[in-house]
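Each value in this text was obtained by applying a stated rule to the coordinates, not by laboratory testing. Note that the coordinates shown come from a computational prediction; the quantities given were computed from them, not determined experimentally. FYI the Cβ positions are ideal-geometry reconstructions off the backbone, even for glycines, and counts take in every protein chain you see.
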Amino acid sequence: MDLIHQNTADPHSAQRWVLVLPFTSSVTPTQPRYSKETTKDPTNNTTETFEIKVRQNLQDFYHLHNDSTSVVVDCRHNQPVLSYFGNRLATVDASMLSQLDRHEAPASLPIEPAISLTPTIGEGFLGHLGLELHRSTAQWSLAPKLAEANTSQFNLELTSRCTVSDVELTHQLELDPAHSVLRLSVSVRNLSDQATLFIDNCTATLPLPDHLTELEEVTGRWAYEFQNQRHAITRSAYVRENWTGRSSHHMNPTLMLLEKTTSATHGDALGVHLGWSGNHQMRIESLADGRRVLQGGELLRPGELELGPGARYQSPQLYLCHSSEGQNGLTRQWHQMIRREFLAKQSPDSTKRPVHLNTWEALYFGVDETSVLALVDQAATLGIERFVLDDGWFLGRTDDHRALGDWVVDPKKFPNGLTPIIEACHQKGMEFGLWIEPEMVSQKSKLYETHPDWVLHHQGLPLTEARQQLVLDLSQPVVASHLFDAISSLLSAHPIAYIKWDMNRDLHQGGNAEGRHAPHGQTRALYRLLNQVKNAFPEVCIESCASGGGRADLGILEYTSRVWPSDTNDALDRLRVQRGFQNLFPPELMGSHVGPSPCHITGRQHSMAFRAGVAFWGHMGVEADVRQLSKADRHVLSEAIALHKHHRELLHKGSYQVVDRPHGEQAWMVVAPDHSEALAALAILETPSTPFPNRYRFSGLDSDRHYELKLVWPGDLRPLQANHKDALTDTHWSGDWLMSVGLSLPILQPESLLIYHLKAI
Ligand code: DGJ
């Protein structure tokens, strides 16, 4: 390599250094070699074809692709670089890759340090590092060198070794075969046979494409989660650090990177999500040379992650999703990927979506045999399909000051146990579900009296309660096995179809029995426990609830098949929560309940038509004292439940998309995969500034087909709007008309919602 100093003719101009790279890499084949082997299984005489991965010589680059997407990994440096992830490239060759190398930046190193998949100290990279570790104060340096690659059609595994620190690093990339979704993860192995190794930081890292200049974050608070906020990316670092010990209400580990002009339907978008339910970080940093770096990974405290000789750390998966069709394109791909990779892999029983009735906002801690049986009776008449007994059913649980940990039925409230309740449910054609909060313990409980040493704590400091409860140290095997026994006793003794697995506090004192910072080990232990329960009772649906949406991520979704996104049942707030939630998660995962009016959290009052119209769009449920409903509300609620059941297949299998509307309105659709049918919603959030709303331009329809269009909700329209319903009957609309010209709408009141059904004829 030569460094040429150029003096320009202009004495005032800056000196220029030009880097001449003697790049001589030959064009190497990018496709892996495979051999196929056919073997006979002697036990059942079947013949299977196995794909044998052939270890590759290290190539200069690798190009993974499916029909729509390319991933290019540059391996010319000491560490792999994710050079490109986006629309499918027809060809990639080494000369194209060398074009990515830039001239020397002013006042910089002669060779620009690469933004590798885990930048390490020593490469000259001056941003936030991707991998930091140490053994002792003198052993912190790292110099990993790429050594080998293993690849198959959609996977690439690159192994590097570092003789300075005695570690092996493996970067794993897995492209979804059908969608623009890429999973990235890193594993670190301690190669020493004597010394332990501490991992201080391990975050997957990639260069952020220049044209993505804005970010949309998912933020919020308890009872108002999944709020999306869009900002320009600036020249300083954007850092999200979540220390709550769960994925959190405040900072769900999801980001979107967008072009300035990206909208719901147009423009490039990059979705990022960390599949991890513990502490996490996401960063976007602008380097001095103008490049931007995107990082995501676990967030660790000193000493939290120790690897003994030979031990290995596997990072959580960082999911990347690309779309050139706006934010809807991202959502479509996330949903399809989640359906295929997560939901379809679970037992079909655990992914059924019967309409729920949950006792929480109906009875709170006041559950007992009489009141619950009365609710069971009422539930059945409304069309409820699964009855869920929430908090309050176990030994001594009269309020939230006591009893967590004592997972046996309270004989005072249920002298005959749960059997009469479950039998009543079954007689009325309903399944039965139960609430538990296994990770927690109350100081006023038998469990705590017997095992005060089972809780997370900070040495030398008094225990800090939140919601009057403490967190059990799941990393102690005895604790995990006690919890498994308690849960499996309940599930073995009763036909329970669903458990609502709650978790109602952050980990403020995350010290475990070993004196380590616990969240890493706690999260892994939680996954092990859930896995054990899931394996023993695969047909049970487990819902992830953490005071609402505090634990909604693709890590927990390996073991759960419903998420409670928020404790608020306020229909207006729910609209915003549901929109944010569904950017990533498909509607069938989203618990959505009709709550009481006034709402117990906000005090706001909404009509039953509005509440039910909002709850209709997810995995529907009711969470109100249905014994108290007026005749009119009971009628509206039953109609909504019937309508939900009628369209449930479409709602839970179709493609969800946002429809652009003016400020103060929200609209969305769910379209059948073959475009033969759709549901479309319009919600008016505020008093409109014009009497008539803008025309509704549908999307995702087949422009060449004709559709029958019906207003299906609310069943009962105000007189002012009756004409609108009539005007739709007996008319067929072409898809292109509906999408281009749109539908004229009636005058609508704030806090109301319409649902249309479209059917191709
Ligand atoms: C928090 C949950 O989000 C609520 O739905 C309810 O289950 C309570 N916990 C019970 O304590």
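Across the chain, the mean sequence separation of Cα contacts (distance under 8 Å, 6 or more residues apart), normalised by length, yields a relative contact order of 9 percent. With K and R counted +1 and D and E -1, the other residues having a Cβ less than 13 Å from that of Val741 yield a net charge of +1. Note on the chain: dipole from Cβ charges, positive end direction compared against Cys541, Leu557, Cys75; the farthest Cα belongs to Cys541. Of the residues Gly329, His103, Thr234, the one whose Cα sits farthest toward the positive end of the charge dipole of the chain, with +1 on the Cβ of Lys and Arg and -1 on the Cβ of Asp and Glu, is Gly329. Relative to the longest principal axis of the chain, what angle (0 to 90°, nearest 10) does the C-alpha long axis of helix 477-493 take? Compared with the principal axis, the helix lies near 40 degrees. Listed peptides 120-132, 686-698 appear in the order 120-132, 686-698 once ranked by packing, highest mean of other Cβ atoms within 10 Å at the front.
I'd like the orientation of helix 326-338 relative to the chain: the angle between its Cα long axis and the longest Cα principal axis, in ° from 0 to 90, rounded to 10. The two axes meet at around 80 degrees.
Once backbone amide H atoms are built at 1.01 Å from N, Val355 has Glu385, Arg386 as its partners under 5 Å, excluding neighbours fewer than 5 places away on the same chain. Backbone phi angles across the stretch 246-252, fed through the Karplus curve with coefficients 6.51, -1.76 and 1.60 (θ = phi - 60°), yield HN-Hα couplings of 9, 5, 5, 6, 8, 9, 4 Hz in residue order; Gly and Pro are listed as x. Amide H to amide H distances under 5 Å link Ala237 with Ser286, where only residues 5 or more positions off or on other chains count and H is placed in the peptide plane.
The alpha carbon centroids of the stretch 439-481 and the stretch 583-628 are separated by 34 Å.
Can you return the lysines within cross-link range of Lys710? Criterion is Cα-Cα under 19 Å, with same-chain partners fewer than 8 residues away left out. Cα-Cα hits under 19 Å: Lys645, Lys725, Lys759. Relative protection proxy for 398-404, 86-92, 742-748, from highest mean packing down: 398-404, 742-748, 86-92 (other beta-carbon atoms within 10 angstrom).
A Förster radius of 41 Å, combined with the Cβ-Cβ distance separating Thr729 from Ser68, puts the computed FRET efficiency at roughly 0.50. Packing, taken as the mean count of other beta carbons within 10 Å per residue, orders the peptides 413-424, 592-603, 573-584 from highest to lowest as 573-584, 592-603, 413-424.
Remark: the stretch 163-174, residue by residue, has Karplus-estimated 3J(HN,Hα) of 7, 5, 9, 6, 10, 10, 10, 10, 9, 10, 10, 9 Hz, where x stands for each Gly or Pro and the curve is 6.51 cos²θ - 1.76 cosθ + 1.60 at θ = phi - 60°. Using a 7 Å offset from Cα along Cα-Cβ at Asp485, what residues in the stretch 443-460 end up with backbone N under 18 Å from the label point? Under 18 Å, as judged by backbone N against the label point of Asp485, lie 446-455 of the stretch 443-460.
For Phe394, the residues whose amide H sits under 5 Å from its own are Asp410, ignoring neighbours fewer than 5 places away on the same chain, with H placed 1.01 Å from N. The length gained by stretching the chain between Arg604 and His663 to full extension, at 0.36 nm per residue less their Cα-Cα distance, is 19.1 nm. By the rule of a C-alpha distance below 12 Å, with chain neighbours fewer than 8 residues away ignored, the aspartates and glutamates paired with Lys413 are Asp368, Glu369.
When only the Cβ of Lys, Arg, Asp and Glu is charged (+1, +1, -1, -1), the dipole of the stretch 148-241 relative to its Cα centre reaches about 220 debye.
Oblate is the label for the chain. Its Cα gyration tensor axes, ordered a ≥ b ≥ c, give a/c of at least 1.5 and b/c at or above a/b. Is the C-alpha gyration tensor of the stretch 481-607 telling us rounded, prolate or oblate? Criteria: a/c under 1.5 is rounded; beyond that, a/b larger than b/c is prolate, otherwise oblate. Here the stretch 481-607 falls in the prolate category.
Positive contributions from Lys and Arg (+1) and negative ones from Asp and Glu (-1), summed over other residues with Cβ under 9 Å from the Cβ of Phe414, come out at -1. Over the stretch 143-294, Cα pairs under 8 Å with separation of 6+ residues give a relative contact order of 17 percent. Pop out the ³J(HN,Hα) list for the stretch 570-585 in order, Karplus 6.51 cos²θ - 1.76 cosθ + 1.60 with θ = phi - 60°, rounded to Hz; leave Gly and Pro as x. Listing the rounded values in order: 5, 4, 5, 5, 4, 4, 6, 4, 5, 4, x, 4, 6, 4, 10, 9 Hz. Which of Leu131, Gly383, Ser630 sits closest to the plus end of the dipole of the chain, meaning its Cα is farthest towards the positive end, when Lys and Arg get +1 and Asp and Glu get -1 on the C-beta? Positive-most Cα among the choices belongs to Ser630. Between helix 369-382 and the chain there is an angle of about 90 degrees, using the helix long axis and the longest principal axis of the Cα atoms.
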